[in-house]
Structure formats: structure tokens, C-alpha cells
Amino acid sequence: MKKFYWVDELNRMSREEIRRYQEKKLPKQLKYCYDNSEFYRQKFDDAGAAPEDINTIDDLRQLPVFMVKDDERKSAEASLEKYGHPFGLHLCAPVEDIYLTGTTSGTTGTPTFSYTFTEKDMDFLGPQIANRLALAAVGKGDRVAFFFALGIYATTMTLWGLRHLGALPIDIDARAGTELFLKFMDLTRPTYLACTPSLAEYLIDKTPERLNKEVRDFKLKGLLNTGEIGIAIPGIKEKLESAYGCRAYDYWAPCGNAPAISCDSDEYCGLHAIAPDLCTSFDDLVDPITKKPVESDIDGAIGEMVHTNLQREACPAVKYAYGDIVQIFTTECPGCGFKGKRTNIIGRADDMLIVKGVNVYPAAIKDVVAGFVPDVTGEMRIVLDAPLPRVVPPLKLKIEHGREIGHSDLTALASKITTALHDQIKIRPEIQFVAPGTLPKETRKTPIFEKKYEDA
Ligand SMILES: [Zn+2]
């Protein structure tokens with residue numbers, strides 16, 4: 001039998017048995033959070049609930065959301081003020097027991113240390129992260145070029161997984177720039193490349209310019225992408241796989257939870273929830289605006305993921321709506337036979353647009369536009385005249401047209417794209433075409449919005 005889960009007994013369990021396994025761990029963890037954090041004690045008390053009342057996933061779903069990003073920030077400010085550390089009042093372990101910390105990238109607002117762990121946490125999480133990478137066939141002796149911005153960035157914990165497997169991370173700060181990075185690629189001969197999908201795409205053109213060879217000549221065994229929606233967008237996975245001559249995977253673990261990875265399949269089948277013993281994130285969705293529970297056990301369910309840890313000491317999440325909007329799939333994976341939940345990331349709650357009362361996610365727009373490659377390059381921006389989420393129609397899109405298409409064909413192309421967007425996501429945008437290569441690509445996360453109101 002194929003093994004997907006690190007804890008071996010889970011591989012032999014039905015979905016119902018896995019849920020009971022989660023429910024055995026849940027009350028103990030909630031009691032621990034209540035006993036060890038003034039933040040969580042207050043939240044439970046405000047909700048009129050005691051941790052011992054919450055014994056099932058269904059009970060947990062009925063609890064209100066305890067934390068959103070802004071609450072985490074405030075909790076961090078409060079602990080900095082009161083105790084002189086930035087880990088928040090939701091820190092449940094003694095501060096001197098913290099063993100590893102990582103933040104969000106800090107590109108928007110003050111970074112929060114959501115990726116903070118004790119040594120025991122990493123002893124538990126490290127093998128899970130390793131197992132996830134093993135599903136992408138990473139193993140002993142592999143060298144993994146690890147190219148992200150900021151050493152302290154959230155992806156740091158992935159290095160623990162690599163080390164656990166006996167693989168060697170070649171960790172290069174993305175701020176070093178492409179030239180230096182490619183030099184290291186050439187010198188260290190890695191077998192895997194971990195970076196954002198947009199950077200992997202960018203390197204396809206840059207490598208011949210700088211190294212006089214193609215990315216295919218790196219002879220990689222796999223691409224490990226994270227940090228933004230990439231290979232889930234039609235066309236991107238094929239583009240990367242054919243250019244690099246290897247499988248492209250994407251992996252994910254928002255605030256150290258919900259570890260998931262896509263599978264070894266030509267078709268993209270979503271992120272596979274390979275660690276149900278770690279958290280209940282795939283089983284607890286809410287509406288991104290009202291924060292009311294959304295049915296999350298049906299195939300195709302869409303909502304904002306709410307994280308609750310089942311085993312974590314340092315900064316465990318309890319009912320944390322972290323802002324990721326996902327679509328859940330409950331059917332067996334057609335690519336690899338995985339029977340657990342799978343998910344597609346649809347977007348961030350704070351990226352959501354409301355156009356004529358309809359919730360629209362940028363990734364969904366990008367998906368539709370990407371369907372028109374090679375008439376378009378796939379690069380685009382959503383032009384905003386005012387802050388999100390409400391957009392006064394028409395929604396404005398700036399789209400790079402393809403290299404081969406003539407100017408006289410652009411009107412017809414705009415009308416085809418508009419029709420497709422209207423059929424699939426009920427918007428009729430105003431499209432402005434720009435020449436291929438004119439929208440800047442960044443080595444970190446390529447922005448999807450062009451915020452006109454910020455230039456004014
Ligand atoms: Zn699969």
C-alpha cells in the first residue's frame with residue numbers, strides 16, 4: 001500500500017477513523033492552550049465555552065473564530081509591551097523554550113512570528129515536513145537549492161524536513177539576485193530547486209542569458225514551488241515541467257499548519273492533506289466575510305481555512321482564520337489514489353474583490369486568462385482605483401498579449417477573454433493589452449494588483 005502519512009497507522013485508517021484519531025487529540029490540546037495562554041483563556045471565556053466542551057470536529061466548527069491576522073499582530077504588540085517578546089499572548093510555552101522561529105515575509109505590515117516552535121514541536125513537525133518532501137521523491141543525497149527572500153522567512157522550517165531526509169539544503173537569500181544564484185546553481189549542481197513558481201518561470205529566460213545553457217541542463221529531479229499560486233494555474237505546470245524536464249510540485253504550510261503537497265501526476269490534482277494528525281485545518285472552513293461556518297466535508301466546498309492545532313506547544317493556532325481561501329476536494333485523487341482531502345488555494349481573503357455583489361478571487365481571473373496562452377503571455381495585473389474589496393464595475397485588467405499576435409487581432413481577443421470571464425466568473429472586465437515582457441516580474445512574489453489609488 002502506498003504510504004502518504006508519516007504516522008504509519010493513519011495509512012491503514014478510513015476517513016472516519018482518521019477523524020476519530022484527530023478527535024482524541026483535540027480536547028487535550030485545547031485544554032493545554034486554555035491553561036497556558038491568557039489570550040486563549042479569554043477567547044474561550046468570551047465564547048462561553050470550556051475546552052472540555054469541545055470533543056469533536058463538529059463542536060470545534062461551532063466555536064467562533066478566535067484570531068485573524070490583525071489579532072495576531074495585536075497579540076504580538078501586547079506581549080512585546082508586557083513581556084518583552086514578539087511571540088504574542090497566545091504563546092503557550094515558556095519563552096526560553098522557543099527553538100525555531102520564522103515570520104511571514106513582512107511585505108505587508110509588521111511581520112508576525114507565526115512560525116514559532118519549541119524543540120518538541122520540531123521533533124513532531126520535522127518528520128511530517130520530511131514526509132511531505134519524500135512524496136516529491138526527495139531523499140538522502142539530494143541537494144536542494146533553496147531560493148527565497150529572507151533567511152528568517154516562513155519557509156525556514158522546510159529546511160528541517162530536508163535535513164531529516166538527509167538532503168542538503170543550499171540556502172541562498174533571493175536578495176542576492178539572479179546572477180549570484182545562477183552561479184551557485186552551476187557550482188553546487190542541486191537535484192531540486194525550491195522557489196516561488198514565478199521565479200522558476202523567470203529563470204527559464206534568465207539562465208540562457210547568464211549561463212549560456214537552458215534550465216533543462218540543470219538536470220533537476222523536481223521543482224518545489226511555494227509562496228504563491230502557480231502550478232495550479234492551467235498552463236504553468238506544463239510550462240515549467242517541459243522547460244525544466246522534471247516534475248513541478250507545489251507545497252504549503254500556512255503558519256506551520258495544514259502541510260500539503262501536490263502529487264506526481266501530469267494533471268494538477270491539488271494540495272494533498274498529508275498530516276491530519278497535526279491540525280484540523282482542512283475540516284474547518286468559514287465564510288471570509290461573515291466568518292460563519294461553511295460546510296467543509298462536501299466535494300467542491302469553498303471557504304476560508306481556519307487552523308486549529310492538534311499538537312503544538314509554542315504558538316498553537318486555535319480557530320485562527322489566517323486568510324487563505326481554499327476549495328476542498330473529497331474524492332479519491334485521480335493522479336495518485338490519495339483518499340484524504342485535497343485542496344486548491346483560491347486566494348487570500350484580503351485579495352478578494354466584490355464586483356456587483358459577487359466574490360471574485362484574482363487567481364480565478366488569472367486562471368481564465370492563462371487559458372488564452374499563447375495569445376497572451378499569462379502575465380497580468382488587476383488595476384484598482386480604490387482599496388479592496390469593493391470594485392466599481394468594470395473591473396480593469398492589464399494583460400500582456402502574446403509575441404505572435406498582431407495588433408489587429410487584439411479587439412477580437414479582448415472580446416473572447418471577456419466572454420470567458422463572464423461565463424466562468426460572472427465579470428465583464430475592461431481589458432487593456434500591453435506588450436509582452438512589460439509587466440515587471442519580481443524574484444519574490446509577483447504582485448497581481450496595480451494600485452492606482454496609491455500613486456495618486
Ligand atoms: Zn494525487
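Open to solvent by 10 Å² or more (accessible area, probe 1.4 Å) and within 15 Å of the ligand (Cβ to nearest atom): which single residue out of Glu267, Glu241, Glu214, Glu209 fits that description?
Numbers: Glu241 fails: within 15 Å of the ligand (Cβ to nearest atom); Glu214 fails: within 15 Å of the ligand (Cβ to nearest atom); Glu209 fails: within 15 Å of the ligand (Cβ to nearest atom).
Only one candidate qualifies: Glu267.
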Members of region 37-54 found to be closer than 19 Å to Cys279 by Cα and of a type outside the set (D, E, K, R), listed by number: Ser37, Tyr40, Phe44, Pro51, Ile54
Positions within region 244-264 being part of a loop (DSSP other than H, G, I, E, B), more than 15 Å from the ligand (Cβ to nearest atom) and modelled with pLDDT of 95 or more, in sequence order: Gly245, Cys246
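When the residues of region 349-358 are narrowed to those that are in a strand (DSSP E or B) and surrounded by fewer than 19 Cβ atoms within 10 Å (Cβ to Cβ), which ends up modelled with the lowest pLDDT? I'd like the intermediate steps shown before the answer.
At the first step, the residues of region 349-358 found to be in a strand (DSSP E or B) are 353-355, 358.
Filter again for surrounded by fewer than 19 Cβ atoms within 10 Å (Cβ to Cβ), leaving 354, 358.
Details: Ile354: 87, Val358: 81.
Going through the qualifying residues, I end up with Val358.
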Per-region count, region 182-206, residues assigned to a loop (DSSP other than H, G, I, E, B) and surrounded by fewer than 19 Cβ atoms within 10 Å (Cβ to Cβ): 1
Single unsatisfied condition, Ala364 versus (1) in contact with a helix residue (DSSP H, G or I) (Cβ under 7 Å, 6 or more places away or on another chain); (2) surrounded by 22 or more Cβ atoms within 10 Å (Cβ to Cβ): (2)
Which numbered condition Ile325 misses (of (1) away from the ligand (no atom under 16 Å from the Cβ); (2) in contact (Cβ under 8 Å) with a residue 60 or more places away in the chain; (3) in the same structural domain as Val294 (by TED's automatic domain parsing)): (2)
Hey, Val294 within 30 Å of Pro436 (Cβ to Cβ) and either of a type outside the set (S, T, N, Q) or within 16 Å of the ligand (Cβ to nearest atom) (or both) or not: no
Residue count, region 226-238 (criterion: away from the ligand (no atom under 15 Å from the Cβ) and closer than 24 Å to Glu332 by Cβ): 4
Tabulated pairs, region 255-272, first within 14 Å of Phe338 (Cα to Cα) and assigned by TED's automatic domain parsing to the domain that holds Glu72, second among the polar types (S, T, N, Q) and more than 10 Å from the ligand (Cβ to nearest atom), C-beta under 6 angstrom, 6+ apart or interchain: Gly270/Thr343; Gly270/Asn344; Leu271/Thr343
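The values are calculated or read from the model by the stated rules, or taken from the named source; none is laboratory data. Since we're looking at a predicted model, the values are computed, not measured. Glycine gets a Cβ as well: all are built from the backbone with ideal geometry, and neighbour counts include every protein chain shown. For the accessible areas, the whole protein counts, side chains as well, though only heavy atoms, and no ligand, DNA or RNA atoms are used. Shrake-Rupley method; radii C 1.70, N 1.55, O 1.52, S 1.80 Å.
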